[in-house]
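Let me begin by presenting the structure, written as structure tokens, before commenting on it.
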Amino acid sequence: MNPRSKYSKEHTAPWECTLAKEEKTNCKPGKIPKSEREYFEILSLCVLQAGLGWSMVRKNWTKLKRCYLGFNINKLANTDVEELLKRPGGIRNRKKVFAIINNAREFQKIKEKFGSFSSFLQVLKEESNDEAILKLTQRFHHLGKYSAEYFLHSVGYL
């Protein structure tokens with residue numbers, strides 16, 4: 001078990017994670033993503049899910065992935081809000097769509113500076129969990145404290 005973690009129950013999908021339901025003592029960290037796109041998809045999931053029910057997100061995840069260009073970072077970074085709002089199957093919240101596009105651009109900046117998103121997370125491991133969460137909320141749009149904590153947990157960081 002990750003020495004930084006206090007969680008013990010495994011989950012196979014983000015919406016099964018009990019961390020999101022405030023049962024923090026029973027959930028092991030998620031698996032470490034294998035690609036930048038997987039990290040970005042989980043970050044986008046946290047942005048999209050905030051304020052919505054997990055069942056709605058889970059039920060519509062295939063449509064959401066299609067709407068948001070398969071969470072392809074380069075494609076999203078080069079699109080605009082209006083284009084994504086017109087695509088079928090997406091969440092029509094302008095702030096969330098804006099966040100996904102800007103977060104894709106931020107991912108590109110991180111990759112440029114650190115070589116990869118996982119390298120960026122390794123740098124964050126030098127910080128306390130609270131400081132790492134704060135840095136994510138400052139760097140990414142529409143990502144609050146709880147969503148940032150859930151993201152770090154889901155990618156095996158916490």
Q: Compare the peptides 90-103, 112-125 by average per-residue count of other Cβ atoms within 10 angstrom and give them in order, highest first.
A: 90-103, 112-125
Q.
Per residue, how big is the convex hull of the range 112-158 when only Cα atoms are used? Give it in Å³.
A. 71
Q: For the range 27-158, compute Rh as the Kirkwood radius over C-alpha pairs and then the Stokes-Einstein diffusion coefficient at 20 °C and 1.002 mPa s; write the answer in µm²/s, rounded to an integer.
A: 144
Q) How large is the dipole of the range 42-116 about the Cα centre if only Lys and Arg carry +1 and Asp and Glu carry -1, each at its Cβ, rounded to the nearest 20 debye? A) 240
(Q) Can you order the peptides 79-88, 148-157, 135-144 by their average number of other Cβ atoms within 10 Å per residue, highest first? (A) 148-157, 135-144, 79-88
Q: Rank the residues 67, 46 as a footprinting-exposure proxy: fewest other Cβ atoms within 10 Å of their Cβ go first.
A: 67, 46
Q. Residue separation times 0.36 nm, minus the C-alpha to C-alpha distance between residue 102 and residue 114: what's the value?
A. 2.5 nm
Q. If the chain between residue 94 and residue 139 were fully stretched, how many nm would it gain, using 0.36 nm times the residue separation less the Cα-Cα distance?
A. 14.3 nm
Q.
Suppose each label sits 7 Å from its Cα in the direction of the beta carbon; what would the residue 65-residue 83 distance come out to in nanometres?
A. 2.2
(Q) Just to confirm my numbers, what's the Cα centroid distance between the range 92-132 and the range 54-82 in Å? (A) 17
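Throughout, read-outs are computed from the coordinates displayed, never taken from laboratory work. This one's a predicted model, so the numbers in the text were calculated from it and none came from an experiment. Positions of Cβ are generated from backbone atoms using ideal geometry, with glycine treated the same way; all protein chains shown enter the neighbour counts.
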